[in-house]
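What follows is calculated from the coordinates using simple rules that are stated; it is not laboratory data. Predicted, not measured: the structure shown is a model, and the values here were computed from it. No Cβ is skipped: glycine too gets one built from the backbone with ideal geometry, and neighbour counts run over all protein chains shown.
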């Protein structure tokens, strides 16, 4: 990584990939920059947005599996009457941690993985605006996630449900440390999101390649940008709520104690002011992904790009005015309920606009049903089902009937699994060759897709029925006695849902198998072509996987779908467009490489993001167990911040090989 | 956990204030190789500074943080026992004085920024020092005020009013403290010439943060202190 | 390389906003106005002005707030982007928290 400081030897394009690696420094003085290009250090201390993106993805995938296992235990418990797999207490912990893990430790960081990896590539930048802050976000997230899950070994996980309603979250009702771990863990991952949001917003606003106006940005970047804006403003709200909760639980304040005259609705408001934008934080990245995938496999531009952009932004804004629809059953009063009901119906409009745009993108296109495309189309279908059941919640009287039943569980799983997760999988298959240089198996991918679709519908479809039949969510067992008769028998549909979970699980397992088959040591999978999908956007105008400096030269952008327009020429007349290929993707990339920038300057790796991130869980343990740990954590943080501020901008000249003397390039380097 | 917020904020602050040479360097990821001029590396799409954008985004985000704390206080301000409410406790002349001190510190801050833009290093440091001093005076006033309230029986957990009051003003106080640390660090960096980037901009960043802390107090002073009177 | 192709006006803008801000004297004047407003605010709490009390105090608060933001924080003279980013946050904060408090019937009395 430290080669970053070295200017690349341009004219010698043939040897571009074999620059001499810098000598790893053996002297880790207090203020040196790490220089390793191989081994774990090259990952742990990296500030390269691509490596950070990959690590985000890997850790999020781990938590996805963990959250999936928790879900499997929940469904096993409910498969038959009088389930005995989990105790009531363990069951409470299981669904709370399942939801928390999936929302905060899988979907959000996985979206962050895509955003981190692809925003700089899609806007033609060499890295994000603040590379070290980017590394900080990653490690804060990782340590926060681990911290949250250590609660399993320290008295049990949180048990209040993912929205942790007060006063149920107070010490008398939840005496273990689970809720403390939950609150502090989310506080920590919140910092990761906030830092990441600031970083990526600045990146999008300020680091675009020449010619790339906002309205020429690839659509994924746009959606990810809206998400970062939502995070920027939503995170501080939950931060307030979590602080109040911490003061309540650890320092004796009574913000949510009814007996002290408090209003528990305060928690609900703060949580959902954050929580509803959070829903869009979860799905908008996937909307962005499929808005990239659909045009590529339809061989048509995205229908109504400005509408997709503005509906995305509109969702972002209106999303702030609908939070109280989560609280219709809490006695808000008729006026509030009416207002929020109308606002909620209004937000269906921009969402509908998107679905129309996607459909019209497909309309008349030359469709290729690759796995990525299947997942994208799957998202449209499944998310629409979730959206429609969502509209039934907007109607307050109907919502009152459905509140806290499995119908709600069905709804949000269609939205989050059908919307967010399918989109992420679409992204995996679409961008895998870009990130790892190899195509995942399409045939296995199709099995993966169909099993996941069948599994999710078997799992979440019946929940509509059992919900409307009155099975409450979060009930740890049901009895045969009250299960009902015939078609609406709860037992039958619960069993179907459980079977569905395992079908879903096998589908996801196939994805992991697919990765293994593609990348195992003696894999026969050939390297992917540079432009396997005939793609349209900027991230493909470079090798796969991209070099650490991303682009051989900073691309000049003149159009939306820049890559497409470099490959194809419009020979149509007037309004009629007819495109003929003038160059292959490989030729476009080769052309860029032949005209590479002479000097490329990249940021050096750093120890300090990881050290600073490590201080946070130390302080968090301190809040729970011992004030001295808070002091220790604060000391580590202070040290890290001084290190951060005072470390040199570059690795030392002696870290470069060949050494400074007599090397023109290196001399220039030493002056940097 | 307030530590995590503190460290977060400090980290942002330190990044922004002290780290200018890295920042210039970070700009460079665009591929600039011109390090000779003052503007080396500042090639951005908007022609604006990354750090300044980040600072304003951070302040926009902080609005939601303080908004939540102020709302909590507004909701709970009447929920206290009969003789330990705002009407009995507030000492308006005293708080007016400390508010005035904080307001004055905003003036000295802005003069520091102005001096920094003129490259008048000596006055920059003097004004920064005065700002830090006034900030310290404000903080001392707040601590004194808290002590008085505590002696009169208003602890953190006494009532919903007291919890939300101490939480709100405490958060503000922590922000002031971080600001003072940034000011002092800034003076040190300027003296030792550790700010290798645009010094004026570094000072301006501290200024933005400091003024934000001031405008939050403008709101707190009116909503919390003056209105219940 | 890329220099020539990117916003050529960026340096001009930088230079521009250094010269368009208020002078030190003007800063002192602005500060005196702010101090005067604060004095009025405090005075208002001691003299009875009836139903005008709340609107006057809130109005003065807003005036002070924006005076600092526009002049001391340079928003009036800086690129619009900075102001917009900040005002989005500010506007959202005012909107969501006012709405939340209103559902508590907070403003009814």
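Laid out as a table, the results:
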item: Under 20 Å from the residue A:443 label point (7 Å along Cα→beta-carbon), backbone N, the stretch A:370-389; result: A:370-375
item: Between helix A:49-79 and chain A: long-axis angle, C-alpha atoms, 0 to 90°, nearest 10; result: 20
item: Net length gained if the chain between residue A:260 and residue A:520 were fully extended (0.36 nm per residue, minus Cα distance); result: 87.5 nm
item: Rounded Å value of the spacing that divides the Cα centres of the stretch A:111-155 and the stretch B:53-92; result: 32
item: Overall Cα dimensions of the protein assembly as shown, principal axis frame, Å, largest first; result: 88, 82, 62
item: Inter-part distance where the stretch A:338-379 and the stretch A:217-261 are each reduced to a Cα centre, Å; result: 29
item: Estimated FRET transfer efficiency when R0 is 22 angstrom, pair residue B:78-residue B:150 (beta carbons, to 0.05); result: 0.60
item: Degrees separating the helix A:178-206 axis from the principal Cα axis of chain A, which is the longest one; result: 40
item: Residue B:143 versus residue B:126: modelled label distance in nm, points set 7 Å from Cα along the beta carbon direction; result: 2.8
item: Theoretical gain in end-to-end length, residue A:165 to residue A:485 [0.36 nm per residue, Cα-Cα removed]; result: 111.8 nm
item: Cα centroid of the stretch A:265-305 to Cα centroid of the stretch B:111-180, whole Å; result: 41
item: Cut-off 17 Å (backbone N to label point 7 Å along Cα→Cβ of residue A:313), residues of the stretch A:343-367; result: A:350-351, A:353-354
item: Chain A: angle of helix A:585-594 to the longest principal axis, Cα-based, in degrees nearest 10; result: 50
